[in-house]
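Undergrad: Could you have a look at this structure, given as structure tokens, before my questions?
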Amino acid sequence: MPEPFGVAVVGCGNISNQYLKNLTAFPDVRVLFCADIDAERAKAQAAAYGVPAAGSVEQALEHPDVQLVVNLTIPAAHAEVASAAIAAGRHVWNEKPLAPDVAAGRALLEQARAAGLRVGCAPDTMLGAGIQSARRLIASGAIGTPLSALILFQGQGPESWHPDPEFLFARGAGPLFDMGPYYLSALATLFGPAARVAAIGRKARGTRVIGSGPRAGTEFSVEMPSYVSALAEYDGGQAASLLFSWDSPLHRAGFLEITGTEATLAMPDPNRFDGDLRVRRADEREWTVIGSAGAAAGRGSGVVDMVRAIRRGRPHRASGEMALHVLELMTAIDRSGRTAAFEPVESGFEVPAALAEDWDPYVADV
Ligand SMILES: NC(=O)c1ccc[n+]([C@@H]2O[C@H](COP(=O)([O-])OP(=O)(O)OC[C@H]3O[C@@H](n4cnc5c(N)ncnc54)[C@H](O)[C@@H]3O)[C@@H](O)[C@H]2O)c1
């Protein structure tokens with residue numbers, strides 16, 4: 001059996017709990033180091049999850065056995081931390097979005113390519129049982145030829161529960177860039193690359209107030225549109241209607257429907273790894289519920305697929321190229337909100353191969 005792949009987790013905030021819980025349980029990886037600009041946070045997370053060492057990003061990159069950096073910093077730091085890791089000869093898994101802008105994302109992939117290293121990027125929810133089962137169902141012909149998609153994500157915004165929510169309303173975020181990757185990556189695995197988009201962007205309030213944690217009551221400014229609705233056309237001719245809003249008293253998440261020539265498929269929540277599928281044909285008055293099958297191990301699954309892919313010399317599924325395309329698509333949506341014109345999306349990517357139903361990150365790949 002090969003030695004587990006050495007991993008450093010950089011950025012020990014909110015989401016690091018899910019990653020550390022899983023990555024310390026997956027046999028193909030071993031978390032060797034926790035790093036953060038806040039050294040105390042890194043130490044606390046290392047202690048909580050039994051990681052042997054903690055410290056600064058520089059120290060993580062000097063660790064001789066770290067082969068891959070899992071970058072869970074805030075979006076504004078994603079490209080800088082990833083670039084430093086590649087410069088130090090490490091593969092990188094980034095939280096989403098890949099980079100603050102398309103140029104930085106492209107430069108990152110180019111840097112990695114030149115160095116012979118891999119870039120993977122969240123979300124990896126599309127590797128979960130829910131989306132994978134939907135892919136299998138569509139491939140079986142159950143809804144006919146897929147024609148269109150409807151995505152609805154709306155609510156009041158994360159400042160009520162996130163103790164440090166400013167970054168979620170800053171450049172590179174907003175509901176489109178924060179939540180869009182889950183929905184648009186899931187759709188990307190079904191429809192392939194997008195070709196052009198048109199959108200409207202709005203902002204109901206110029207400032208918001210932190211609702212929880214030690215800084216509750218602090219006001220901060222909203223830099224990105226907090227309401228985005230868009231139309232997207234895909235290279236394969238499919239169309240999609242999209243809504244991403246933090247300006248809505250009504251909470252509705254996980255709404256992703258695919259309509260085909262024979263039936264509509266209500267997908268499981270693309271921000272989850274599990275969930276049922278629901279199918280409705282033209283002659284039916286009720287949904288038929290179909291349970292999903294496969295692993296729903298959670299965040300870090302994409303890191304395991306990437307490690308296995310590096311070892312076996314095959315492409316990894318949650319690729320930097322797909323993440324760059326989704327970033328370009330979201331950037332084009334954002335731009336269209338200002339130009340009031342259809343905006344082209346030029347980048348492409350290889351649609352990742354579907355996972356086998358028995359794929360399991362908890363069982364070592366030998
Ligand atoms: N919180 C969630 O539910 C959630 C879910 C999915 C994905 N994400 C994504 O995960 C990432 C992190 O989100 P979060 O909620 O954990 O944020 P957070 O603010 O709780 O944590 C980010 C951590 O990164 C550290 N950091 C910032 N810049 C750094 C740098 N240059 N070098 C080293 N450390 C640095 C911060 O000190 C902090 O500890 C974001 O990209 C976010 O979009 C978050």
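Undergrad: Straight distance only, please: which aspartates and glutamates reach the Cα of Lys21 with their own Cα at less than 14 Å, same-chain residues fewer than 8 apart left out?
TA: Those aspartates and glutamates meeting the cut-off do not exist here.
Undergrad: Equivalent ellipsoid semi-axes for segment 55-101, as square roots of 5 times the alpha carbon gyration tensor eigenvalues: give them largest first, rounded to whole Å. Write down the numbers at each step before the final one.
TA: On the way: eigenvalues 67, 20, 15 Å².
Sorted largest first and rounded, they come to 18, 10, 9 Å.
Undergrad: Per residue, how large is the accessible surface of segment 235-359? Use a 1.4 angstrom probe and give square angstrom.
TA: 46
Undergrad: How many angstrom separate the Cα center of segment 56-126 from the Cα center of segment 224-301?
TA: Their Cα centres are 29 Å away from one another.
Undergrad: Oh, and also: Counting only C-alpha contacts under 8 Å and six or more residues apart, can you give the relative contact order of segment 17-125 as a whole percent? Can you show the working numbers first?
TA: Numbers: 159 pairs, mean separation 19.8, N = 109.
Relative contact order here is 18 percent.
Undergrad: Please work out how much length the chain gains when fully extended from Ser221 to Phe342, using 0.36 nm per residue of separation minus the C-alpha to C-alpha distance, in nm with one decimal.
TA: Numbers: separation 121, 0.36 × 121 = 43.56 nm, distance 2.86 nm.
Answer, rounded to one decimal: 40.7 nm.
Undergrad: Here's a follow-up. Would you kindly state how much longer the chain becomes between Ala139 and Thr261 on full extension, computed as 0.36 nm times their sequence separation minus their alpha carbon distance, in nm to one decimal? Mind dumping the intermediate values first?
TA: Numbers: separation 122, 0.36 × 122 = 43.92 nm, distance 1.35 nm.
Full-extension gain reported as 42.6 nm.
Undergrad: Using a cut-off of 11 Å between beta-carbons, work out the net charge of the residues near Asp334 (Lys and Arg +1, Asp and Glu -1, Asp334 not included). Kindly include the intermediate steps, with their values, before the conclusion.
TA: Values: positive: Arg171, Arg335, Arg338; negative: Asp101, Glu328, Glu343.
Neighbour charge sum, excluding Asp334 itself: 0.
Undergrad: Viscosity 1.306 mPa s, temperature 10 °C: give me the Stokes-Einstein translational D for segment 244-346 in µm²/s, with Rh taken as the Kirkwood radius over C-alpha pairs. Please report the intermediate quantities before stating the final value.
TA: Details: Rh = 17.3 Å.
Stokes-Einstein gives a translational diffusion coefficient of 92 µm²/s.
Undergrad: When Lys and Arg each count +1 and Asp and Glu each count -1, what net charge do the other residues less than 14 Å away from Trp287, Cβ to Cβ, add up to?
TA: On the way: positive: Arg278, Arg280, Arg281, Arg285; negative: Glu257, Asp276, Asp283, Glu284, Glu286.
Overall, the nearby charge balance is -1.
Undergrad: Within segment 286-313, which residues have the backbone N less than 14 Å from the label spot 7 Å out from Asp360 along Cα→beta-carbon, could you tell me?
TA: The answer is 294-297, whose backbone nitrogens lie closer than 14 Å to the label point.
Undergrad: Search the structure for amide H atoms under 5 Å from the amide H of Gly260, placed 1.01 Å from N in the peptide plane, and list their residues when 5 or more places away or on another chain.
TA: Here Leu147, Leu265 satisfy the definition.
Undergrad: When the accessible area of segment 43-120 is split by element with a 1.4 Å probe, what percent falls to carbon and sulfur? Walk me through the numbers before you get to the answer.
TA: Values: 1760 of 3210 Å².
Carbon with sulfur: 55 percent of the solvent-accessible area.
Undergrad: With N set to the residue count of the chain, report its C-alpha Rg divided by 2.2 N^0.38 Å to two decimal places. Working shown, then result.
TA: Values: Rg = 20.0 Å, N = 366, 2.2 N^0.38 = 20.7 Å.
Against the empirical 2.2 N^0.38 Å value, I get 0.97 for the chain.
Undergrad: Going Cα to Cα from Lys203, which aspartates and glutamates come in below 19 Å? Please leave out same-chain ones fewer than 8 positions away.
TA: Answer for Lys203, where 19 Å is the Cα cut-off: Glu159, Glu166, Asp178, Glu219, Glu223, Asp247, Asp334, listed by chain and number.
Undergrad: Which trypsin sites (Lys or Arg not before Pro) in segment 305-366 pass both tests, a DSSP loop state and at most 11 other beta-carbon atoms within 10 Å?
TA: Working: sites: Arg308, Arg311, Arg312, Arg317, Arg335, Arg338; in loops: Arg317.
Passing sites in segment 305-366 do not exist.
Undergrad: Suppose the Debye formula is applied to equal point scatterers at every Cα of segment 15-82; what is log10 I(q)/I(0) at q = 0.14 Å⁻¹?
TA: -0.38
The values are calculated or read from the model by the stated rules, or taken from the named source; none is laboratory data. What you see is a predicted model; the values in this text were computed from it and never measured. Cβ coordinates were reconstructed from backbone atoms using ideal geometry, including for glycine residues, and neighbour counts include every protein chain displayed. For the accessible areas, the whole protein counts, side chains as well, though only heavy atoms, and no ligand, DNA or RNA atoms are used. Shrake-Rupley method; radii C 1.70, N 1.55, O 1.52, S 1.80 Å.
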